[in-house]
Amino acid sequence: GILTGAGNLDPTKKGMAAGAKLFAVDYTGDFQDETINLFLNKNVTITNSSYLDGCNSGYTLASQIVDEQLYAYPTLMHVFSAGNQNGIGCGDNDYGAGNQWGNITGGHKQGKNSIAAANLLADATLANSSSRGPAYDGRIKPDISANGKGQESTAPFNDYQVFSGTSGAAPGIAGCLAQLTHAFKSIHNGQEPASALLKTLILNSAGDLGNPGPDFKFG
């Protein structure tokens, strides 16, 4: 609903990219592998998922798979939630930084080429629960922030529901990428944009919140 909802029942609840085509798949441990078939056969260029895969577990095999895919297929982008672990922490994996830092929830979210989204309230303040970086190896994570608190999204049985968390922020970012994709193709004779270009555009055109420049809270 946040990504592609058409607003059929309530136009005020239209998604970020209401004209996009959406494919839903069951999330499994090899989720990224499943998406390659959709990329190759259905031209799915943007994916969104929010499932955790360990808490600040470092640059894992999943991270490697994500980065290798985005390198091998330059028009594919994976968008993830950063997690809602702040204040809870990651135990031994927080490298002594305490429960306010280093709590991104997943190896796949630590990938260099993918995007992890933090959770903002409607007034652009950071939700207390929004997971914070740095990545285990010190890199900037999350990459960017979006409003995820109090999002109104679709619900089963032709209804709407209020939804919150970085899982509400990430599909908003994916929808922005879909809009940028549409704009690029419209002026470049249908050519697919490189995902690295889209990531550069969205990171460098975002409002700078928090500390000046990139930081471990807002990205």
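Is at least one residue of the stretch 9-18 open to solvent by less than 80 Å² (accessible area, probe 1.4 Å), in contact with a Phe, Trp or Tyr (Cβ under 8 Å, 6 or more places away or on another chain) and either closer than 24 Å to Leu177 by Cβ or touching a residue at least 40 places away in the same chain (Cβ under 8 Å) (or both)?
Yes, the stretch 9-18 contains a residue that is open to solvent by less than 80 Å² (accessible area, probe 1.4 Å), in contact with a Phe, Trp or Tyr (Cβ under 8 Å, 6 or more places away or on another chain) and either closer than 24 Å to Leu177 by Cβ or touching a residue at least 40 places away in the same chain (Cβ under 8 Å) (or both).
Yes or no, residue by residue, for (1) of a type in the set (A, V, I, L, M, F, W, C); (2) touching a residue at least 40 places away in the same chain (Cβ under 8 Å):
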residue: Gln100; (1), (2): no, no
residue: Ala117; (1), (2): yes, yes
residue: Leu121; (1), (2): yes, no
residue: Ala124; (1), (2): yes, yes
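Please determine whether any residue of the stretch 133-146 is open to solvent by 60 Å² or more (accessible area, probe 1.4 Å), aromatic (Phe, Trp, Tyr) and touching a residue at least 40 places away in the same chain (Cβ under 8 Å).
Yes, that holds for at least one residue.
Can you find even one residue in the stretch 35-45 that is open to solvent by 30 Å² or more (accessible area, probe 1.4 Å) and basic (Lys, Arg)?
Taking every residue of the stretch 35-45 in turn, at least one turns out to be open to solvent by 30 Å² or more (accessible area, probe 1.4 Å) and basic (Lys, Arg).
Of the residues Gly87, Gly96, Gly111, Gly102, which single one is at pLDDT below 95, in contact with a strand residue (DSSP E or B) (Cβ under 8 Å, 6 or more places away or on another chain) and of a type outside the set (Ser, Thr, Tyr)?
Answer to the check: Gly111.
Would you confirm, using the coordinates I've provided, whether Tyr95 is surrounded by fewer than 18 Cβ atoms within 10 Å (Cβ to Cβ) and either without any contact (Cβ under 8 Å) to a residue 60 or more places away in the chain or among the acidic types (Asp, Glu) (or both)?
Considered against the rule, which asks whether it is surrounded by fewer than 18 Cβ atoms within 10 Å (Cβ to Cβ) and either without any contact (Cβ under 8 Å) to a residue 60 or more places away in the chain or among the acidic types (Asp, Glu) (or both), Tyr95 comes out as yes.
State the number of residues belonging to the stretch 133-172 that are of a type in the set (Gly, Ala, Ser) and under 22 Å from Leu22 (Cα atoms).
Matching residues across the stretch 133-172 total 11.
Just to check your reading of the model, which residue among Gly54, Gly5, Gly89 is surrounded by 14 or more Cβ atoms within 10 Å (Cβ to Cβ) and in contact (Cβ under 8 Å) with a residue 60 or more places away in the chain?
Step by step, each of Gly54, Gly5, Gly89 is checked, and only Gly5 is surrounded by 14 or more Cβ atoms within 10 Å (Cβ to Cβ) and in contact (Cβ under 8 Å) with a residue 60 or more places away in the chain.
Within the stretch 57-73, count every residue that is touching a helix residue (DSSP H, G or I) at 6+ places or on another chain (Cβ under 7 Å) and open to solvent by 80 Å² or more (accessible area, probe 1.4 Å).
1
Find the residue count for the stretch 101-128, including only residues that are surrounded by 15 or more Cβ atoms within 10 Å (Cβ to Cβ) and more than 27 Å from Asp67 (Cα to Cα).
Total meeting the criteria: 3.
Can you tell me how many residues within the stretch 173-190 are over 15 Å from the mean Cα position of the chain (by Cα) and crowded, with 22+ Cβ neighbours inside 10 Å?
Of the residues in the stretch 173-190, 0 are over 15 Å from the mean Cα position of the chain (by Cα) and crowded, with 22+ Cβ neighbours inside 10 Å.
How many residues are within 21 Å of His78 (Cβ to Cβ) and either free of Cβ contacts under 8 Å to residues at least 40 places away in the same chain or open to solvent by less than 20 Å² (accessible area, probe 1.4 Å) (or both) when one looks only at the stretch 147-172?
Within the stretch 147-172, residues that are within 21 Å of His78 (Cβ to Cβ) and either free of Cβ contacts under 8 Å to residues at least 40 places away in the same chain or open to solvent by less than 20 Å² (accessible area, probe 1.4 Å) (or both) number 10.
Anything in the stretch 55-83 that is of a type in the set (Phe, Trp, Tyr) and either outside any loop (DSSP other than H, G, I, E, B) or in contact with a Lys or Arg (Cβ under 8 Å, 6 or more places away or on another chain) (or both)? List them, or say none.
Tyr71, Phe80
The values are calculated or read from the model by the stated rules, or taken from the named source; none is laboratory data. No experiment lies behind these values; they were computed from the predicted model shown. Please note: Cβ atoms are built from the backbone with ideal geometry, for glycine as well, and neighbour counts cover all protein chains shown. The protein model used for the area step is the full one, side chains on, heavy atoms only, and it has no ligands, DNA or RNA in it. Shrake-Rupley method; radii C 1.70, N 1.55, O 1.52, S 1.80 Å.
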